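K.L.:
Pasting in a structure now, in structure tokens, and then I'll have a few things to ask.
Throughout, read-outs are computed from the coordinates displayed, never taken from laboratory work. Just so you know, these numbers come straight off a predicted model, no measurement behind them. Neighbour counts are summed over all protein chains in view; Cβ atoms, including those assigned to glycine, are modelled from backbone coordinates with ideal geometry.
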Amino acid sequence: MFDTLSGKLQGAFRNLRGLGKISEENVTESLREVRLALLEADVNFKVAKGFIASVKEKSLGEEVLASVQPGQQIVKIIHDELVTLLGDTNAQLETGGNPSCLMMVGLHGAGKTTLFNIIAGALRPDSGHIWLDGCDVTGEPPHRLFGRGLVRTFQIPRELHEMTVLENLMVVPSGQAGENLFVALFGGFGVAAQERAIRERAEEVLGVLELSVLGDELAGNLSGGQKKLLELGRTMMSGAHVLLLDEPGAGVNPTLMGKLRDNIVRLNREAGCTFCIIDHDMDLVARLCDPVVVMAEGKVLTTGTMDEIRSNEEVIDAYLGGGGAA
């Protein structure tokens with residue numbers, strides 16, 4: 001999580017290290033930047049407020065005030081607090097013969113997307129390990145995880161906006177012969193044959209997603225919901241067996257969402273794909289996923305079936321009683 005907190009956090013650290021005499025006023029001013037960085041990283045407002053209050057109290061302790069380098073001590077306090085903010089998050093996804101379809105729910109700032117970023121290699125965890133198919137993949141970059149069969153989507157779609165919808169799908173498969181300049185120039189029939197096969201697969205995916213009529217449309221011209229569908233289509237083109245979907249239903253109409261749900265079930269049961277999904281559609285959660293993982297303040301609050309989650313007192317207090325899903 002430490003790495004998610006924008007450039008402002010590093011600026012705050014530089015200011016803190018440069019502090020001479022420590023006072024409540026200059027500590028408060030420096031921590032204001034830290035608080036803003038936390039909020040920008042989608043940390044819950046209440047959690048960020050409590051975090052800053054804890055850091056401030058420790059920063060004004062006698063040990064820090066008596067230190068030769070008090071500013072450096074405060075930076076260390078912040079770092080240690082950040083390490084514990086994400087907490088111990090443990091969840092197991094079954095792959096292979098018994099693929100899972102796991103759902104993660106929680107309020108804004110609960111740590112769901114941060115955890116996705118860690119699993120997918122965008123961030124390196126300060127502690128703990130990520131295991132995939134029996135291998136420790138902690139800290140491996142996204143392109144290597146892609147090669148291992150793990151892909152993710154985003155809350156905000158990231159389409160190649162100046163390419164067509166069909167081309168967005170066709171560029172996904174790795175190891176294409178045409179990517180090698182020599183083969184592209186002299187491979188001739190082999191390159192063309194592979195491209196035809198990829199095109200046929202892409203057209204099939206468009207048909208499943210009911211986007212066939214938009215195949216020649218620039219991806220940047222799609223609606224928000226259509227871009228979500230395109231992202232799902234790209235995961236289908238990847239051939240991955242572990243898929244992390246961040247709010248796949250956002251912006252998608254209910255009728256089409258039902259068809260998407262059916263395709264996720266088919267991929268899960270027939271193709272052996274494992275899904276980990278973040279979403280706030282409780283109907284989708286109830287019909288699609290088992291188990292359900294509830295997160296709160298960067299930690300796993302509980303795990304169970306939807307019926308178990310609905311009757312869990314901790315969930316009612318921390319989640320349902322905290323203003324609903326967000």
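K.L.:
Could you point to the residue in Val208, Gly220, Thr235 farthest towards the positive end of the stretch 192-241's charge dipole, with +1 and -1 charges on the Cβ of Lys/Arg and Asp/Glu respectively?
P.N.:
My answer, from the dipole projection, is Thr235.
K.L.:
Below 27 Å, Cα to Cα, which lysines can Lys259 reach? Residues fewer than 8 away in the same chain don't count.
P.N.:
Answer for Lys259, where 27 Å is the Cα cut-off: Lys112, Lys227, Lys228, listed by chain and number.
K.L.:
Please list, in order along the stretch 281-293, the HN-Hα scalar couplings obtained from phi with the Karplus expression 6.51 cos²θ - 1.76 cosθ + 1.60 (θ = phi - 60°), rounded to whole Hz, x for Gly and Pro.
P.N.:
With the stated coefficients, the stretch 281-293 comes to 7, 5, 5, 4, 4, 5, 8, 10, 10, 7, x, 10, 10 Hz.
K.L.:
Using the 10 angstrom Cβ neighbour count as an exposure proxy, how do Asp281, Asp126, Asp133 rank, fewest first?
P.N.:
Asp133, Asp126, Asp281
K.L.:
Could I ask something else about it? Let's test this: bin the Cα-Cα distances of the stretch 223-272 at 10 Å from zero up to the farthest pair and state each bin's percent.
P.N.:
Once binned at 10 Å, the Cα pair distances of the stretch 223-272 give 25, 58, 17, 0.
K.L.:
Going by C-beta contacts inside 10 Å, put Thr114, Thr28 in order with the fewest on the left.
P.N.:
Lowest count first: Thr28, Thr114.
K.L.:
Going through the cross-link list Lys21/Lys58; Lys21/Lys49; Lys49/Lys299; Lys56/Lys299, which pairs have a Cα-Cα distance over 19 Å in this structure?
P.N.:
Long pairs (Cα-Cα over 19 Å): Lys21/Lys49; Lys56/Lys299.
K.L.:
Give the average over all directions of the projected area of the C-alpha convex hull of the stretch 210-323, one decimal, in nm².
P.N.:
8.4 nm²
K.L.:
Tally Lys/Arg at +1 and Asp/Glu at -1 over every other residue whose Cβ is under 11 Å from the Cβ of Gly249; what's the total? Please list the in-between numbers first.
P.N.:
Details: positive: Lys228, Arg261; negative: Asp246, Glu247, Asp279, Asp281, Asp283.
Value of the local net charge: -3.
K.L.:
May I ask you to list the aspartates and glutamates whose Cα is less than 19 Å away from that of Lys76, ignoring any residue fewer than eight positions away on the same chain?
P.N.:
Asp3, Glu24, Glu29, Glu33, Glu57, Glu62, Glu63, Asp126
K.L.:
Would you please give the residues with an amide H less than 5 Å from that of Arg152, counting only those at least 5 places away or on a separate chain, with H modeled from the backbone geometry?
P.N.:
Close amide H contacts, sequence-distant or interchain: Leu244.
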